[in-house]
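Working notes, beginning with the structure itself.
The values are calculated or read from the model by the stated rules, or taken from the named source; none is laboratory data. A quick note: this is a predicted structure, and the numbers were derived from the prediction, not measured. No Cβ is skipped: glycine too gets one built from the backbone with ideal geometry, and neighbour counts run over all protein chains shown. For the accessible areas, the whole protein counts, side chains as well, though only heavy atoms, and no ligand, DNA or RNA atoms are used. Shrake-Rupley method; radii C 1.70, N 1.55, O 1.52, S 1.80 Å.
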Amino acid sequence: MTEAPGQDPHPSSAAAPPRVLVLVAHPQLEHSHITRALIDALPPVAPEDGRPTLEVRDLYRMYPDYWIDVPAEQEALARADLVVWLHPTYWYSMPPLMKLWLDEVFAFRWAYGPGGNALRGKALWLVTSTGGTHEAYRPDGHNRYFFDAFLHPHEQTAALTGMRWLPPLVLHGAHRVGSAELAEHAAVFANRIATWPGWPELADAEEPPVCSVADQDRPD
Ligand SMILES: Cc1cc2nc3c(=O)[nH]c(=O)nc-3n(C[C@H](O)[C@H](O)[C@H](O)COP(=O)(O)O)c2cc1C
C-alpha cells in the first residue's frame, strides 16, 4: 500500500521521497475504536509527487499464525526513513505479536551488535492509546507513574539500534474519547505522516546516543 495524506511539504523534490512505514499491531482491529480511526485517517496519495510514500503493515492480519516473515519485515524496515509503531497499550507495553516481531526482526548483527547497523539513522515514532486517563498516569493516580516512565524500553530499543526516538503521540482515556476529539487526534496523526520529515521539533532534536554491545556480551 503506498499513500500519504495532506499538504505538500516537499514541493519540488527531485530526490526520492521520504518513506514512512506504519506497523499496526491490534489483536482485534474489528473491535478497535482508536487504532481503527487512525488507520482510516490515512487517505491514499500517489507517491511520485514528492510526499512521503507510505507502507502500512497490519501484523495481525499478515501473521495470524504468528509465523513472521523476518526477511520481508527487515526489507520493509530497510526501505523506511520513519518507522511508526501503531498499537494500543497492553499491560503498560505492546500487544504480543508486536513484541514477537521485535524479538525476531531486530536481530543481533542486523539491528544491533557488531555490524548491526541496518536501522541506524532511521526514526521511530510510537503512536498509542491507553484506557487509563491522563490523571491515572500520575504519581497520585492508579498507575502511579507518568506514562513516559513506561516508555523507557521503547526509547532504549531505539537508542541501541541507532534510531532517533521521536516524541510519542499518545491518546489517554481511550474509552471516554468523544468523536470530535478522536477526529482531531486522527487528523494530527495523518498530518504528521504527511509532513514527515518537516516536523518543527526535529530541527532541535538531539542525535541518538551511541550504544554499542560488546562482542563478549552476546554469543552468536
Ligand atoms: C489486554 C489488555 C491490556 C490493556 N492494558 C492496558 C494498560 O496497561 N494500560 C492502559 O491504560 N490501558 C490498557 N488497556 C486498554 C487499552 O489500551 C485500550 O482499550 C486501547 O488503547 C483502546 O484502543 P482501541 O480502540 O484501538 O482498541 C488494555 C486493554 C487490553 C485488552
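A few notes on this one:
- When GLY162, GLY198 are screened for being open to solvent by 50 Å² or more (accessible area, probe 1.4 Å), assigned to a loop (DSSP other than H, G, I, E, B) and small (Gly, Ala, Ser), only GLY198 passes.
- Condition met for LEU77 (in a helix (DSSP H, G or I), open to solvent by 40 Å² or more (accessible area, probe 1.4 Å) and hydrophobic (A, V, I, L, M, F, W, C)): no
- Of all residues in region 52-74 being of a type in the set (Val, Ile, Thr) and more than 20 Å from HIS31 (Cβ to Cβ), the one that is surrounded by the fewest Cβ atoms within 10 Å (Cβ to Cβ): VAL70
- Residue match in region 38-46 (condition: charged (D, E, K, R), open to solvent by 20 Å² or more (accessible area, probe 1.4 Å) and more than 16 Å from the ligand (Cβ to nearest atom)): no
- Here TYR145 clears all of (1) without any contact (Cβ under 8 Å) to a residue 12 or more places away in the chain; (2) closer than 23 Å to ALA41 by Cα except the condition numbered (2).
- Per-region count, region 105-160, residues within 16 Å of the ligand (Cβ to nearest atom) and of a type in the set (A, V, I, L, M): 5
- LEU124 being assigned to a strand (DSSP E or B) and within 14 Å of the chain's Cα centre (by Cα): yes
- Complete set of residues in region 167-189 that are away from the ligand (no atom under 12 Å from the Cβ) and surrounded by fewer than 18 Cβ atoms within 10 Å (Cβ to Cβ): PRO167, PRO168, LEU169, GLY178, SER179, ALA180, GLU181, ALA183, GLU184, ALA187, VAL188
- Close pairs (8 angstrom Cβ cut-off, 6 or more residues apart or separate chains): closer than 21 Å to THR128 by Cα and in contact (Cβ under 8 Å) with a residue 60 or more places away in the chain in region 57-84, acidic (Asp, Glu) and in a strand (DSSP E or B) anywhere: ALA80/GLU55
- For region 86-121, a residue qualifies if it is surrounded by fewer than 21 Cβ atoms within 10 Å (Cβ to Cβ), in a strand (DSSP E or B) and of a type in the set (A, V, I, L, M, F, W, C), and exactly one does: PHE108.
- When residues in region 19-33 are screened for being within 6 Å of the ligand (Cβ to nearest atom) and surrounded by 21 or more Cβ atoms within 10 Å (Cβ to Cβ), 1 of them pass.
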